[in-house]
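Encoded as structure tokens, the structure appears first; notes follow it.
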Amino acid sequence: METINRGITMAVYQVIIIGGGASGLLCSLRLAQAGIKDILILERNERLGRKLSATGNGQGNITNKDMGPHRYFSSDIGMVARILQAFNERDLVKYLTDLGGYFVSDGEGKIYPASKQASSVTDIFRFAIERENISVKTGEYVRSVKKDNNIFRILTESDCYKAQAVVIATGGKASPHFGTDGNGYTLAKEFGHTLTSLKPALVQLKTEKENLKGLKGVRIDCRVKLIRGKEIYSCRGDVIFTDYGVTGNAVFKISSRAESQDILSLDFLPDCEKDTLISVLERKILRYPDLKPEDFLRCIVNSAAARAVVRAIESEQGMQKIALRRSISMIADRIKDYRLRVVGNMGFENAQVTKGGIPMNEVDEGLMSVKIPGLFFVGEILDVDGECGGYNLQWAFASGACCAKKIVEYVNDNK
């Protein structure tokens, strides 16, 4: 009780933000710049923005030029679209540029700090928070949030704080080594909120191992199709083979849609049409009829992939040795359609994002709870997740900006 008594003697903050990640940091700054001065960020880690500092493989892929609701999954894509439009990728880049950053785009539309250091994005937020005199308490793990007489009481492991409004910006369950253990969901459920199904997203996929032999550690630029019955989704990018399955940016792009027993179809030569490939192979067998099968595809396709293709055909056809002249069409088929069956994924421990969360019909257009006035949710805790490429950070920042605008109205209306 001593910790509670210490907290009760403290003044009531206008806003307390639980979580010092991307959405919480931007929300706090927008609040301060709108005239809200009594702001406190409670962060369970010893420093702000740990996950933000690791985004984009540490290079800080903050957003993408090809922005739009088609890049997202949610229980209410319409609301997501409106929030993204209200604070779009251009608004974000301008805002961060005004904070002292400089941002550039790569050939795929991904936008990074020119430093190519995600930690530098965290730094400019930290400097701005210091300038705005926003209070920050790190090492504070929130145990519960209660509301009594229009005042929220936030109990941590060491103290108790009070606020007019509370923002839960704790993230989801993905990458728990950053402190995202799903605690925000527990806090939300205490107020009667529900959750959609939670799944790892932007995560490595486990596959059946038969067709992985000899491919561990190999990286190939592929066109990847996800096949489930007649449903097909495709994308292009790196596929990296492991002893459990596949990873790489193409796999991350497709992982949000993948389910156990889906088929991954890998095109090892995405820039070469099948008919062209068959012509190349036919010319080669005429000129070099004595080549061994394992050497026949050299300088045409990755050598490890070539051996895997030959093994797969031999296994399927019950051959001890492939007959090259009679197998040109089959070889071209396997190069353009090498199949792996999905059996699972590598879980929240390895995922970058959580798929699912608090349904969007349980918040209003300003991301305030429809059950508890003054309680707000931003970022990954909501039922919104995006594809790989800066889309999840854009959602974090856009939701933080949207929430801040609504909080200003709420606080001013409840003075």
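Remark: relative contact order (the stretch 95-152) = 22 percent; criterion is Cα-Cα distance under 8 angstrom and separation of 6 or more residues. Largest GNM mean-square fluctuation across A86, A250, A169, computed for the chain with C-alpha springs under 10 Å, falls on A86.
As a calculated quantity, the FRET efficiency between R326 and E231 at R0 = 45 Å, using C-beta atoms, amounts to about 0.85. Which angle between 0 and 90 degrees, to the nearest 10, do you get for helix 22-33 versus the longest principal axis of the chain when only C-alpha atoms count? So the helix axis and the longest Cα principal axis differ by about 40 degrees. Largest to smallest in accessible area, the residues E380, E130 fall in the order E130, E380 (1.4 Å probe, all protein chains included).
Of the listed values [x] 0.96; [y] 1.02; [z] 1.17, identify the label whose number matches Cα Rg over 2.2 N^0.38 Å calculated from this model. Calculated Cα Rg over 2.2 N^0.38 Å: the matching label is [z]. In terms of distances greater than 27 angstrom between alpha carbons, the cross-link table entries K94/K116; K110/K199; K209/K284; K110/K371 yield K209/K284; K110/K371. With contacts taken as Cα pairs under 8 Å at a separation of at least 6 residues, the stretch 1-104 carries a relative contact order of 18 percent. Within the straight-line cut-off of under 15 Å between alpha carbons, the aspartates and glutamates reachable from K415 are D38, sequence neighbours fewer than 8 places apart in one chain being disregarded. Note on the stretch 294-345: with neighbouring protein chains present and a 1.4 Å probe, carbon and sulfur make up 42 percent of its accessible heavy-atom surface. Between the C-alpha center of the stretch 393-408 and that of the stretch 336-361 there is a gap of 26 Å. Net charge of the neighbourhood of E259, taken over other residues with C-beta under 13 Å away and scored Lys/Arg +1, Asp/Glu -1, is +4. Between the Cα long axis of helix 324-336 and the first principal axis of the chain there is an angle of about 10°, rounded to the nearest 10.
Quick check: the angle from helix 118-131's long axis to the longest principal axis of the chain, C-alpha only, nearest 10 degrees? Value to nearest ten degrees: 10. Calculated mean residue ellipticity at 222 nm for the chain: -10000 deg cm²/dmol, from DSSP H runs with n ≥ 4 weighted as -39500 (n - 2.57), summed, divided by the residue count and rounded to 500. Rolling a 1.4 angstrom probe over the protein heavy atoms with all chains in place gives the stretch 254-350 an accessible area of 53 Å² per residue. For the chain, give me the percentage of DSSP beta bridges that are antiparallel, rounded to the nearest 5 percent. Within the chain, antiparallel bridges account for around 75 percent of the total.
Taking Cα centre as origin and charging only the Cβ of basic (Lys, Arg, +1) and acidic (Asp, Glu, -1) residues, the dipole magnitude of the chain rounds to 800 debye. With R₀ fixed at 35 Å, the C-beta to C-beta distance from E294 to K65 puts the FRET efficiency at about 0.20.
FRET efficiency for the T276 to E208 pair, using the beta carbon distance and R₀ = 25 Å, is estimated at 0.25.
Each Lys or Arg adds one and each Asp or Glu subtracts one; over the other residues with Cβ under 14 Å from the Cβ of L281, this totals +4. Of the residues P293, G172, N249, the one whose Cα sits farthest towards the positive end of the charge dipole of the stretch 171-293 is P293 (charges of +1 on Lys and Arg Cβ, -1 on Asp and Glu Cβ, taken about the Cα centre). Average accessible surface for the stretch 1-159: 47 Å² per residue, computed with a 1.4 Å probe over protein heavy atoms with every protein chain in place. Cα centroids of the stretch 233-303 and the stretch 181-207: how far apart, whole angstrom? First find each Cα centre; the distance between them is then 35 Å. Judged by the gyration tensor of its Cα atoms, with axes a ≥ b ≥ c, the stretch 198-293 is prolate; a/c meets the 1.5 cut and a/b is the larger of a/b and b/c.
Taking every C-alpha pair closer than 8 Å and separated by at least 6 residues, the mean separation divided by the residue count of the stretch 364-413 gives a relative contact order of 41 percent. The share of accessible area on the stretch 37-159 that comes from carbon and sulfur is 43 percent, using a 1.4 angstrom probe. If only the Cβ of Lys and Arg carry +1 and only the Cβ of Asp and Glu carry -1, the dipole of the stretch 237-340 around its Cα centre is close to 380 debye.
The values are calculated or read from the model by the stated rules, or taken from the named source; none is laboratory data. Being a predicted model, the structure only gives us computed values, none of them experimental. So basically every Cβ, Gly included, is an ideal-geometry build from the backbone, and we count neighbours across all protein chains shown. Ligands, DNA and RNA are excluded from the accessible area calculation, which covers all protein heavy atoms including side chains. Shrake-Rupley method; radii C 1.70, N 1.55, O 1.52, S 1.80 Å.
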